[in-house]
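The values are calculated or read from the model by the stated rules, or taken from the named source; none is laboratory data. All values derive from a computational prediction rather than experimental measurement. Here the Cβ positions follow ideal geometry from the backbone for every residue, glycine too, while neighbour counts run over all protein chains shown. For the accessible areas, the whole protein counts, side chains as well, though only heavy atoms, and no ligand, DNA or RNA atoms are used. Shrake-Rupley method; radii C 1.70, N 1.55, O 1.52, S 1.80 Å.
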Amino acid sequence: NHPKTTMASVEDAPAPPHRRIHRSLSDRLDKYCFASSFAAGLESDEESLDDSYVPEYAVLLQQQRMDSEKSDGTTTSSPVVLGEASSFWVSVANVTKSLVGIGMLTLPRAVAEAASPALAILGLLLCGALCAVSFFFLGYCAHLTNSETLPRLWEQTIGPQSTFFVEMVVLVDTGLSCVAFALLIGDYMAKSVGGLCPHLPPEVTSRRSLVAVVTLLALIPLCLKRRFSLLRISSIAGLVCTLYVFLYVTLDSISFLLNQSSGLEGFDDLAPDWLGSLRSFGIYSCAFMAHFNAPAFYADLEGRTPMKFAEVCGAAYILAFLIYAAFGLAGFARFGKDVPGNALTGYDLDTKVLFMWLGMALCVAASFPLVFFAHRDALRRLIGRTLGWPLEDHRTVHGVAFTVVSVLALATAGAVLEDVSFVVSLCGACSGACLAFILPGAIMLKISARKDTGPTLRWPKLAKTFITLGIVLGCLSTVAVLDP
């Protein structure tokens with residue numbers, strides 16, 4: 001343990017030593033997927049993990065318990081980092097990887113919602129810039145408080161009494177993400193099975209039937225045990241599938257535009273849609289959301305300083321913006337104003353498209369359990385705190401029943417809903433606004449109120465701006481999304 005320091009001495013003091021755990025390249029690719037759930041406040045024990053991850057997570061859990069025993073609200077222990085420190089460009093790649101995900105599939109719909117491509121790209125740019133700034137400040141605040149996770153950072157600044165608010169945000173964010181995953185599984189499986197087996201009755205190839213089959217045969221068994229080793233494969237497969245989807249959609253769009261001799265029909269009457277732009281804000285904020293992991297990214301940066309972390313954030317968010325802008329415009333140009341919420345479902349079946357559908361379905365199904373763990377544990381803690389019910393271990397009969405019912409409820413919602421852009425937009429409007437603006441603003445405001453915080457003297461105005469933006473944009477975009 002290190003002696004306690006003041007805020008002024010933290011700036012000049014060398015970075016505390018990190019206990020590093022050697023991990024392979026495959027494990028390092030998964031690290032930030034795991035950190036996302038761990039940062040969400042998972043409370044478990046090493047016995048429930050796969051054997052290959054017991055040593056790593058035993059250390060992390062022991063460290064978390066040691067920190068939670070501090071009575072004065074401060075953390076004096078040094079952070080734990082998995083693996084060797086990441087260089088600048090490796091950190092840029094890791095942050096970009098954590099940003100670019102299923103939210104990319106809904107960006108063509110966001111462009112269509114705004115009606116004006118120029119307005120859509122401007123909104124994407126502004127939202128990305130704001131999210132990049134708040135992401136940086138979360139990492140910087142973690143540097144000032146020596147915190148390695150977002151919940152720990154919140155407790156160090158705001159206090160443990162208000163963790164209920166953070167857990168509500170986690171619950172909404174992870175719940176809607178699981179619903180979006182189940183919805184995507186239904187989309188891809190219905191397209192694939194219907195194309196491969198056209199002779200089957202419609203009742204068998206319907207979205208709801210296939211979601212039910214995947215839920216019973218895959219999602220529930222995976223969610224009953226923490227099979228983290230599965231994500232070693234899904235992480236790399238997800239990168240490959242994302243790259244394949246991006247190249248296919250952009251190249252197909254270019255080919256489509258080159259074959260249009262009479263121009264783009266129906267594009268001459270495009271005009272800005274301000275209500276649609278508010279709905280697009282939810283998609284944008286969800287697409288640029290990686291704030292759970294900001295403290296972990298900062299702690300993992302080699303030779304980390306606030307300026308170097310700012311450069312990492314800028315490079316990663318610029319790269320993500322370019323990917324999003326290219327994909328959104330390509331999908332919009334290919335399908336026009338009627339582009340579906342999931343742009344991939346707009347294609348007709350062929351071999352390349354089938355490979356794309358099946359690959360994305362497998363990746364989404366493999367990622368579902370990890371997000372569900374954070375959702376389940378946040379729900380159990382909220383129920384335990386509000387109703388006083390004992391928290392049953394997930395391996396007991398009651399714990400298994402709780403897990404099964406939760407998975408069935410989320411999968412049912414995904415089977416009933418048909419537009420993934422609606423779910424993603426609602427997720428961004430509700431939890432995204434909190435994570436990107438309100439939580440960082442509250443943390444910055446609290447730190448700026450401390451003594452000896454010279455570098456943070458101008459934070460109150462910026463913090464209040466973030467909080468105001470989060471409340472206003474969150475409320476307006478939520479109303480716009482729910483407007484029939």
Inset, instruction - Could you please let me know if Val371 is part of a helix (DSSP H, G or I) and open to solvent by 30 Å² or more (accessible area, probe 1.4 Å)? - result: yes
Inset, instruction - Quick one: count up the residues across region 436-452 that are open to solvent by 30 Å² or more (accessible area, probe 1.4 Å) and of a type in the set (A, V, I, L, M). - result: 3
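Can you tell me which residue among Ala190, Ala129, Ala120 is open to solvent by 10 Å² or more (accessible area, probe 1.4 Å), hydrophobic (A, V, I, L, M, F, W, C) and under 27 Å from Leu322 (Cα atoms)?
Result: Ala129 is the single residue among Ala190, Ala129, Ala120 that is open to solvent by 10 Å² or more (accessible area, probe 1.4 Å), hydrophobic (A, V, I, L, M, F, W, C) and under 27 Å from Leu322 (Cα atoms).
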Legend entry - Spans of helices (runs of 4 or more DSSP H) in region 193-289 with at least 3 residues of a type in the set (Val, Ile, Thr), open to solvent by 40 Å² or more (accessible area, probe 1.4 Å) and at pLDDT below 85: 230-258
Legend entry - Of all residues in region 94-117 being assigned to a helix (DSSP H, G or I) and of a type in the set (S, T, N, Q), the one that is most open to solvent (accessible area, probe 1.4 Å): Ser98
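Against the definition (open to solvent by less than 30 Å² (accessible area, probe 1.4 Å), at positive phi and in contact (Cβ under 8 Å) with a residue 60 or more places away in the chain), how does Gly336 come out, yes or no?
yes
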Legend entry - Residue in region 159-166 that is within 16 Å of the chain's Cα centre (by Cα) and either over 21 Å from Arg304 (Cα atoms) or buried (at least 21 other Cβ atoms within 10 Å of the Cβ) (or both) present: yes
Legend entry - The one condition in (1) modelled with pLDDT of 80 or more; (2) over 21 Å from the mean Cα position of the chain (by Cα); (3) basic (Lys, Arg) that Arg385 fails to fulfil: (1)
Inset, instruction - Among what's in region 354-368 and is surrounded by fewer than 19 Cβ atoms within 10 Å (Cβ to Cβ) and touching a Ser or Thr at 6+ places or on another chain (Cβ under 9 Å), pick the residue that is farthest from Pro198 (Cα to Cα). - result: Leu362
Legend entry - Complete set of residues in region 408-438 that are of a type in the set (A, V, I, L, M, F, W, C), touching a Gly at 6+ places or on another chain (Cβ under 8 Å) and under 21 Å from Pro295 (Cβ atoms): Ala433, Cys434, Ala436, Phe437, Ile438
Inset, instruction - Would you check if Thr305 is of a type in the set (Val, Ile, Thr), surrounded by fewer than 23 Cβ atoms within 10 Å (Cβ to Cβ) and more than 22 Å from Ala114 (Cβ to Cβ)? - result: yes
Inset, instruction - Give the residue that is modelled with the lowest pLDDT, with candidates limited to residues of region 72-93 that are touching a strand residue (DSSP E or B) at 6+ places or on another chain (Cβ under 8 Å) and crowded, with 23+ Cβ neighbours inside 10 Å. - result: Leu82
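Do you know which residues across region 470-484 are closer than 16 Å to Ile283 by Cβ and assigned to a helix (DSSP H, G or I)?
Answer for region 470-484, where residues must be closer than 16 Å to Ile283 by Cβ and assigned to a helix (DSSP H, G or I): Leu473, Gly474, Leu476, Ser477, Thr478, Val479, Ala480, Val481, Leu482.
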Inset, instruction - Might you let me know whether region 414-435 holds any residue that is among the small types (Gly, Ala, Ser), assigned to a helix (DSSP H, G or I) and either over 23 Å from the mean Cα position of the chain (by Cα) or surrounded by fewer than 17 Cβ atoms within 10 Å (Cβ to Cβ) (or both)? - result: no
Legend entry - Considering residues of region 132-158 that are farther than 30 Å from Leu275 by Cβ and of a type in the set (Val, Ile, Thr) only, the residue most open to solvent (accessible area, probe 1.4 Å): Ile158
